[in-house]
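Throughout, read-outs are computed from the coordinates displayed, never taken from laboratory work. Since we're looking at a predicted model, the values are computed, not measured. Using ideal geometry, Cβ is built from the backbone for each residue, glycine included, and neighbour counts are taken over all protein chains shown.
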Ligand code: URA
């Protein structure tokens, strides 16, 4: 068929009017439009997403459309329309009775990323309202709700209680009871089996729809890059960040994206209870340098976006003071108490779940740590029982891995590079071998990767 004929046919299907004068679309016409690289209108995207959500458009047509998007892409206008169509696919929680600007933070996921727990309490201590909906982990990266479970926290809050806690103490975290943006969930499942996950506009709209659905007015994004991240290269991470910032511009949400390194796990702990301990230590001024730095960087942007400071430097000084004077730790205690968790754990870490055995893993080679395969470390923690492969899997909050060496550190062959916290010994030997393999040890000392790469 000639190009001209295709065009004519497209026009006849997309501008077909019914007897009442309304424009009638067909899924087929929209697939063809995208296949041929045309910009889709808001109406076409709304038609497709609402039709698919309601079961009127079958998986085979949606799959074809996803593949067309994968190859032809979408511009910021189309991506924003897709985002908002997915936001409208579910019933949003009304957060209008929480006064002030609601700033949310999202991380694209990494190994050892326990930042939410420390960061939420830190910015809440600085006066930012934290009304956060979080999820459980799947695969090699953990979820915030799993870590809160390790603290015995109840995240099964009614909307009324959630709003009351935020208004009273400035912080509450609830589990995602209903699906956030249900069309995204259905579409993501289809992308997963049609080879269309790795599309920047589809990823960007998926992430942004959930943030906007959860009520965020302004959003700070931690877009990770490196071996333990979804985006393996900095170029891809920047492209994703730019796409999400552009969606924000189109839909009237201020978005700041920070590209950060996931070349190695964040901090030292990978698991649940041990990650909670590290987050608490961070607010007790004993946290790892990278975790503390990331909290201050992301937190500064949140404080500025919330209007609590004029500059990042001013915001950072406020946050440093909140750590120094103990108010961030106090806010964490208040948060844990409100949601019936083990609040005394902030003073006594032994109150958190403890594993039966502690097993050292030795370097086996002397030199300097030159690289750590963060994704492999995440898989090791999962094999010990700290993560789940499917939603139904039970996890053990006490188990995990705490690294003792990171990139740039000197190691002796007979010195430990990590400690395993173990309850079930079945896979320990495999994990020890895999963890040793995850480390590259060489003669030359190299500088640790720069944590904060750039702001988009
Ligand atoms: N995370 C999401 O929420 N959606 C994607 O498409 C990819 C990662």
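Points worth noting:
- DSSP bridge pairs, the chain: antiparallel proportion in percent, nearest 5: 55
- Computed over segment 66-225, the alpha-carbon pair-distance distribution with 10 angstrom bins reads 10, 37, 36, 14, 2, each value a whole percent.
- Per residue, the convex hull spanned by the alpha carbons of segment 355-442 comes to 80 Å³.
- Cα→Cβ-extended label distance, 7 Å offset, between residue 28 and residue 289, nm: 6.4
- Segment 80-133: C-alpha pair distances exceeding 15 Å, %: 63
- Distance between the modelled labels on residue 414 and residue 194, one decimal in nanometres: 6.0 nm (7 Å Cα→Cβ projection).
- The C-alpha atoms of the chain define a longest principal axis, and helix 59-72 lies at about 80 degrees to it.
- Taking a ≥ b ≥ c as the square roots of the eigenvalues of the Cα gyration tensor, segment 216-321 is classed as oblate, since a/c reaches at least 1.5 and a/b does not exceed b/c.
- Packing rank of 141-147, 412-418, where each peptide gets the mean count of other beta carbons within 10 Å, highest leading: 141-147, 412-418
- In the calculated pair-distance distribution of segment 103-346, the portion above 27 angstrom amounts to 30 percent of the Cα-Cα pairs.
- Once the Cα atoms are used to define both axes, helix 234-251 deviates from the longest principal axis of the chain by about 60 degrees.
- Subtracting the Cα-Cα distance of residue 443 and residue 72 from their residue separation scaled by 0.36 nm leaves 128.9 nm.
- Along each principal axis, taking the top coordinate minus the bottom one, the Cα set of segment 39-157 gives 46, 36, 26 Å in descending order.
- The share of C-alpha pairs in the chain whose separation exceeds 42 Å stands at 19 percent.
- Counting only DSSP H runs of at least 4 residues, each contributing -39500 (n - 2.57), and dividing by the residue count of the chain, the helix-based mean residue ellipticity at 222 nm comes to -14000 deg cm²/dmol.
- Judged by the ratio a/c of the largest to the smallest principal axis of the C-alpha gyration tensor, segment 141-279 counts as oblate, that ratio being 1.5 or greater while a/b is no larger than b/c.
- Between the Cα long axis of helix 327-338 and the first principal axis of the chain there is an angle of about 70°, rounded to the nearest 10.
- Length gained when the stretch residue 427-residue 234 is fully extended (0.36 nm per residue, less Cα-Cα span): 66.1 nm
- Both radii were evaluated on the Cα set of segment 294-425; the Rg over Rh quotient, with Rh as the Kirkwood radius, amounts to 1.06.
- Legend: calculated FRET efficiency, residue 42 to residue 390, from the Cβ-Cβ distance at R0 = 35 Å, rounded to 0.05, equals 0.45.
- Packing rank of 95-105, 422-432, 268-278, where each peptide gets the mean count of other beta carbons within 10 Å, highest leading: 268-278, 95-105, 422-432
- Distance (nanometres) between label positions extended 7 Å along Cα→Cβ at residue 92 and residue 436: 5.4
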